[in-house]
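Novice: Once you've had a glance at the structure underneath, I'll fire off some questions.
Every number in this text was worked out from the coordinates using simple rules, so none of it is lab data. A quick note: this is a predicted structure, and the numbers were derived from the prediction, not measured. Because the Cβ atoms are built from the backbone with ideal geometry, glycine has one as well, and the counts that use them run over all protein chains shown.
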Amino acid sequence: MSKQSALTRSDLLDAVPVRNEKVSVEKGSGGGLVLGVPLRERWYMKPPIGWVMPFSRRRRVALDRLGMAVWETCDGRRTVEEVVEAFAARHHLTFHEARVSVEQFLRELVRRGLVVLTSRSREGDEP
Amino acid sequence: MDRLQHIAWLGMRLAVPTDWEIVRHAVRPEKGRLVLVDRRRQRLQLSWVRTPTAPDLEQAMADYRSRDVEENPDRTFSPLASVGRWRGFRRHEEQAVLTRAGQFDPRLRRWMEVVVEWPDGLEAILEEKVLRGSGAAEPDEHSAEWRAFGLDVRTPPTWVLQEATVKPADVRLAFRDGRRDATVRRLGAPDAWYDGDLEEFLHKQVVGAKVRASAREHNGHAACLGESRLARSRLGEWLGMGRPRLDLVWLCPAAHAVFQVTTRARGPAVPPEQFVVRCCGQGGGKR
């Protein structure tokens, strides 16, 4: 988190949001999506406690239509700036209005482990 | 880049590129500032302070410049040709340029200072357009003009801005005139939340009072006027007492926004139409 807060506005706009591959996606009510992110297995989730109390192995996060639109634009290729542009165009918002909303939403997705932000140059360095 | 938007705020005007947006604003005419950014960095700051006497403009800018030279000895400075009432100078650091200019408006009794940043090099034509389009607005004895954050409003002259609340897709300007107050609101992204029923929207907005809604037309769009009374008690409500509240709401498909004008008064109700809100070129004649 501290690394994230050190990002400048420019760094953040250049970052590429990449979805967590382990996230499951289901259709939700009202045209949204329900994302399931696997939870780390804690000691109390294992048998015998786990036999008695069946803990969920996934945290579910419901996205409304706006959230779904942003999630779908996070394709691992587009930068945050491009995601903001797409959101602004879709909802006829100014860039700054869209930026505030999208950045806030992306931070929440990162916090919940649904998305990571990478830089394009690092992505290009990968074999 | 040369497409300009015109901002009107507290009796001042600004002409800036359309992709520069306000991120800080003040509502007091005595002292404050507007800060505008492009996508990545700060581009313009307009600050103002009310002064009882006119300062010596040339001397004030010379003082600014010598202070700036002292603080930044490794940078170069050049004079700025006067544009309108603006006098100032430029500061250069490699390709980045900073334009700093000041002026005093005798009518508003306001000292105004503008700082424009050109991180990728000076755009002289744009600099002149920005300076020429900025300063004190032409006075209008019949109304005051507010144009910012996607809102374009003309208020009766005695109304004073109290607060501006700016959230993504939800901008409110609150005005007051003695015991009367009014709010002008612009709600964007209606495709995400608005189901097309203005009356239902109104009922959700007015809490704790019965609303009598009637359909009408406003700015060429279907609109809804809500009349209610804000009573302090249930008894007051039954007796028809309380402050009259009027709400005028409409959807402008071209502006992709729902507009709402609310007036509340102690005494006679204030017609919301007194607040001339332009949405898609409609509403209130030539500017």
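Novice: Net charge within 15 Å of B:Asp195 by Cβ-Cβ distance, Lys/Arg positive one each and Asp/Glu negative one each, not counting B:Asp195 itself?
Specialist: Net charge around B:Asp195: -3.
Novice: Taking only DSSP H segments of four or more residues, each worth -39500 (n - 2.57), what value at 222 nm results for chain A once the sum is divided by all its residues, to the nearest 500 deg cm²/dmol?
Specialist: Calculated mean residue ellipticity at 222 nm is -12500 deg cm²/dmol.
Novice: Sum -39500 (n - 2.57) across every DSSP H segment of at least 4 residues in chain B, then divide by the residue count to get the 222 nm mean residue ellipticity, nearest 500.
Specialist: The helix-only estimate for chain B comes to -3500 deg cm²/dmol at 222 nm.
Novice: Just tell me how shielded A:58-66 is by partners: mean number of partner chain Cβ atoms within 10 Å of each residue's Cβ, no decimals.
Specialist: The shielding value for this peptide is 1.
Novice: Let me ask something else about it. Please list log₁₀ I(q)/I(0) at q = 0.14, 0.15 Å⁻¹ for the stretch B:144-277, using the Debye equation with identical point scatterers on the alpha-carbon positions.
Specialist: -0.62, -0.72
Novice: Also, I was wondering about something else. Could you calculate, for chain A, the ratio of the Cα radius of gyration to the Kirkwood radius, expressed as Rg to Rh?
Specialist: Using only Cα positions, Rg/Rh for chain A is 1.05.
Novice: If you don't mind, there's one more thing I want to ask. Extending each Cα 7 Å along its Cβ direction at A:Val37 and B:Lys31, get the distance between those two points in nm, one decimal.
Specialist: For A:Val37 paired with B:Lys31, the spin-label model returns 4.5 nm.
Novice: Return the whole-Å distance between the Cα centroid of the stretch B:1-42 and the Cα centroid of the stretch A:15-74.
Specialist: 42
Novice: Something else now. Counting other beta carbons within 10 Å of each Cβ, put B:Val207, B:Val166 in order, fewest first.
Specialist: In order of increasing Cβ crowding within 10 Å: B:Val207, B:Val166.
Novice: Additional query: May I ask which residue of B:His6, B:His221, B:His92 lies farthest towards the positive end of the charge dipole of chain B, with charges of +1 (Lys, Arg) and -1 (Asp, Glu) on Cβ and the Cα centre as origin?
Specialist: Of B:His6, B:His221, B:His92, it is B:His221.
Novice: Can you compute the modelled spin-label distance between B:Ala254 and B:Glu200, with each label point 7 Å from Cα toward Cβ, in nm?
Specialist: 2.8
Novice: Please compute the length gained on full extension between B:Gln59 and B:Val207, using 0.36 nm multiplied by the number of residues separating them and subtracting their Cα-Cα distance.
Specialist: 47.6 nm
Novice: Have a look at B:Gly11, B:Gly242, B:Gly267 and tell me which one the Gaussian network model of chain B (Cα, springs below 10 Å) gives the largest fluctuation.
Specialist: Maximum among the listed residues: B:Gly267.
Novice: Using +1 at the C-beta of Lys and Arg and -1 at the C-beta of Asp and Glu, which of A:Val18, A:Pro47, A:Phe105 has the Cα lying farthest in the positive direction of the dipole of chain A?
Specialist: Value computed over the given set: A:Pro47.
Novice: Counting pairs of alpha carbon atoms under 8 Å apart in space and at least six apart in sequence, what relative contact order in percent does chain B give?
Specialist: Relative contact order here is 13 percent.
Novice: Moving to a separate point now. Using a simple charge model, +1 on the beta-carbon of Lys and Arg, -1 on the beta-carbon of Asp and Glu, nothing else, what dipole does the stretch B:144-277 show about its Cα centre, in debye to the nearest 20?
Specialist: Approximately 720 debye in magnitude.
Novice: Going by C-beta contacts inside 10 Å, put B:Ile7, A:Ile49, B:Ile125 in order with the fewest on the left.
Specialist: Going from sparsest to densest Cβ surroundings: B:Ile125, A:Ile49, B:Ile7.
Novice: Also, quick follow-up: Treat every Asp and Glu Cβ in the protein assembly as shown as -1 and every Lys and Arg Cβ as +1, leave all other atoms uncharged, and give the resulting dipole magnitude about the Cα centre to the nearest 20 debye.
Specialist: Roughly 1700 debye for the protein assembly as shown.
Novice: Related question: Counting only other chains, what is the mean number of Cβ atoms within 10 angstrom of the Cβ of each residue in peptide B:38-44?
Specialist: Counting Cβ atoms of other protein chains within 10 Å of each residue's Cβ and averaging gives 3.
Novice: Just to confirm the filter: which trypsin sites (Lys or Arg not before Pro) across the stretch B:125-202 are DSSP coil and have at most 14 other Cβ within 10 angstrom of their Cβ?
Specialist: Those that pass, being in a loop and sparsely packed, are B:Arg179.
Novice: Related question: Would you mind telling me which residue in A:Glu41, A:Glu82, A:Glu26 has the biggest mean-square fluctuation in a Gaussian network model of chain A, where springs connect alpha carbons within a distance under 10 angstrom?
Specialist: Residue with maximal mean-square fluctuation among A:Glu41, A:Glu82, A:Glu26: A:Glu41.
Novice: Right, another one. Among the chymotrypsin sites (Phe, Trp or Tyr not before Pro) within the stretch A:87-123, which fall in a DSSP loop and have no more than 15 other Cβ atoms within 10 Å of their own Cβ?
Specialist: Counting only loop positions with at most 15 other Cβ atoms within 10 Å, none of the chymotrypsin sites (Phe, Trp or Tyr not before Pro) in the stretch A:87-123 qualifies.
Novice: Hey, another quick one. Just A:Ser24, A:Ser56, A:Ser101 to compare: in a GNM of chain A, with alpha carbon springs under 10 Å, which one fluctuates most?
Specialist: A:Ser56
Novice: Within 10 Å of each candidate Cβ there may be at most 13 other Cβ atoms; applying that plus a DSSP loop requirement, which GluC sites (Glu not before Pro) in the stretch B:1-108 survive?
Specialist: Those satisfying the criteria are B:Glu30, B:Glu94.
Novice: Rounded to the nearest 20 debye, what is the charge dipole size of the stretch B:4-136 about its Cα centre when +1 sits on each Lys and Arg Cβ and -1 on each Asp and Glu Cβ?
Specialist: The dipole of the stretch B:4-136 has a size of about 660 debye.
Novice: With the dipole of the stretch B:144-277 worked out from charges on the C-beta (+1 for Lys and Arg, -1 for Asp and Glu) around the Cα centre, which of B:Thr263, B:Val276, B:Trp193 lies farthest toward the positive end?
Specialist: B:Thr263
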